[in-house]
Structure formats: C-alpha cells, structure tokens
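See structure below.
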Amino acid sequence: MPFAVLLAPFIATAIGAAILLAAIIRLLPSNFLGATITERSNHTQPARQLGGLAIIPAVLLALWIFGPAAGLDWRFLALSSAAALILWVTGFFDDRHHLPESVRLIAQFLAAGIAVYGLGSEFRLLPDLLPFAVERLLLAFALVYFINLTNFMDGLDLMVVSGLGIPLALAAVLAAIGLVASGTGVLAACLAGGLLGFALFNRPKALVFLGDSGSLPIGLLSGLAFFLVARDLSIAAGLLLPLFFIADATSTLFMRLAARENILAAHSKHAYQIAKRSGWSVWQIVTCVGALNFILGICAFLTFDGGLVAAGAICAGLLGVTFLLSRFRRAGPRI
C-alpha cells in the first residue's frame, strides 16, 4: 500500500482528535472528569480525563471513512466499533463514578468476544495447533489482558503515545512496504494518528489524560491491530511491536503475585513508575521507551522471512526490553 495513502488516515485522525479535544476542553466545565491526585499518582498538577472522549470518535470515524477502501469489511468495522463503544461508555462511567471491578470485567469480556467474532471465521493464527473454538477463546482472553495492560500502563504523561503510538505507527509502515495487509495498516494508522493528536495535550505537564474512556477502547483496538500483524507477518512480529508494554505489565503482575499482594488494588509498581519515583524525568522515560520501540519495530520487520535472522531478531528484542526494564527498576535518575 503506498505510504501516501496511509498518511491520509494518520493525519486526518490526528487533526480530528486534536480539534475535538480542544473543543471538549473549552466547552466542558473545568472540573469535569478531573483526575484525583493521590500518593500513588505520578502527576502533581490538575488534569482532566478527557482524552478518550475525543480520540475514540475520531478513530472510529476515520476507520469507517478509510477502512473499506483498504479491505476492512463491514463485519470487522461494525463489530470492532461496537466493542470499542461498549468500552468507551463503560470507561466514561468508570471515570465518573468508579464502577465495580465486576462490571468492568463483564464489559471487557463482552467487548472482546464481539471483537474476536468480528475477525471472521477465516482468521487463524495457529490452525495446525489449536482447534478453532480454543483459539477463539484464547484470543478473547488475550484481548481482555491487552485491554487491561493498556489501562495499567497509562500512568505517565505520553506513556501510551510512546509505548503504543510508536508501535502502531511502525505497524502502518509495515503495511506501506507490503509486509502486512492494507486494512491492518489503516487501523494502525488511525490509532497512531489519534494518539498523536492527544499528545499535543498530554505532553508534560499534561493538561489532559486518556481516562478509562480512552485506555480501554484503545487497548482493544490496538490488540486487534497486533492480532492482524501476527496473521499477516508473523506471531513474533505481533508480539514484538508492543513487547515493552506486555513485559512491564506482566512482570509487575507476577512480582505482585509473588509478594501476595491484591492484584486488583491500585499501585505504583510498574517499572516506568519506579523510574519516575527514582528521579527520572518524564521525558527521559518516554524517550527511552520510544527508542526501544523503534528497535522492536526493526526486530519485527526482520521476522518476515523466518530462520536464523528471525530468531536473532526475537532474541535482540527480548534483550532490549529486559535491559530497559531492569534499568527502570534500579534506583538512579540516569541511564
């Protein structure tokens, strides 16, 4: 797919999200969806959880405008949009009223099931290894996990922009060079563009946060994008692109389980949060994450032909992520 064609949804979504977010900030009361500052917070200034209210409508509109021409069928568009809207509404009410975990999980599993069904019966990742029904169940659980880890990792200015926006933009580049399908590229470009528009207001010191109305549907749609990369290029590529997010969230989860902590309770123990509290600046953290994600993008590209090169790329990606996580978790302000 020509690079210029993928620029259109990227730029359109970035501009649309930025304009809509600017309008929402201006029109809504100054205390609407204000983020509470607690001892676990990584921000010290007032900010509002308005990002999702602008990004999700902009992304979904762009998907319906640019998606059909790129090969995204009505089933995928309709069901992924419905799933995203379920999480958008759930996230909004959670931002407003702090919904019970049970309600959030029911909404997430419902949305994930709808989204996986929207992939169509021809979508398979491991057809020779798993029965269709088992693979579908695992995809739904994986999508719920990705929704939650995106929410967990949204705890610092520009973290989702750097941690997901860059991998999504690189997925669009893979489409531009013909390694993944055009539809995959458009989905990734729309999401990356929406996050770019959001970045204008989320740069330190942030005026606006994503909120759950943003992080939950963005997690779902990003998870779908990486599923499609896994189908089009390789499962390794689909995992390498968001590997930093996956590794930080998963390692933190296991560390908390080992310490017998309540994993549903709020905390500030992710590697990037520890780095912030150890004296790293926000810009240092997100720059390191962004640089690592470019390396992971190269590693994902190198998996296209399999063999020793792909194995080496996977090892390099794992080593890079392990190094940065260990550096973040160590006390000290500089890399």
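Hey, for a label at Glu122 modelled as a point 7 Å past Cα toward Cβ, could you say which residues of region 299-318 have their backbone N under 14 Å away?
Counting backbone N atoms under 14 Å from the label point, the list is empty.
For Val103 and Arg330 in one chain, what is 0.36 nm times their gap in residues minus the Cα-Cα distance, to one decimal in nm?
Working: separation 227, 0.36 × 227 = 81.72 nm, distance 3.65 nm.
Full extension from Val103 to Arg330 adds 78.1 nm.
Sequence-distant or interchain residues sharing an amide H contact under 5 Å with Arg48, placed H: which?
Under 5 Å from the amide H of Arg48: Ala35, Val208, Phe209.
Between His270 and residues 5 or more places away or on another chain, which pairs have amide H atoms under 5 Å apart, with H built 1.01 Å from N, and which residues are they?
Residues meeting the amide H criterion: none.
Restricting attention to region 78-160, which GluC sites (Glu not before Pro) occupy a DSSP loop and are surrounded by at most 12 other Cβ atoms within 10 Å?
Filter output for region 78-160: Glu122.
If the only charges are +1 at each Lys and Arg Cβ and -1 at each Asp and Glu Cβ, what is the size of the charge dipole of the chain around the Cα centre, to the nearest 20 debye?
Numbers: 20 positive and 15 negative charges, 191 e Å.
Computed about the Cα centre, the dipole is about 920 debye.
Between exposed trypsin sites (Lys or Arg not before Pro) in the chain, where DSSP calls loop and at most 10 other Cβ atoms lie within 10 Å, what's the longest gap?
1-259
FYI, it's all coordinate maths here, none of it is from the lab. Keep in mind that this is a model prediction, so the values were computed, not measured. For neighbour counting, all protein chains shown are included, and Cβ atoms are generated from backbone atoms with ideal geometry for every residue, glycine included.
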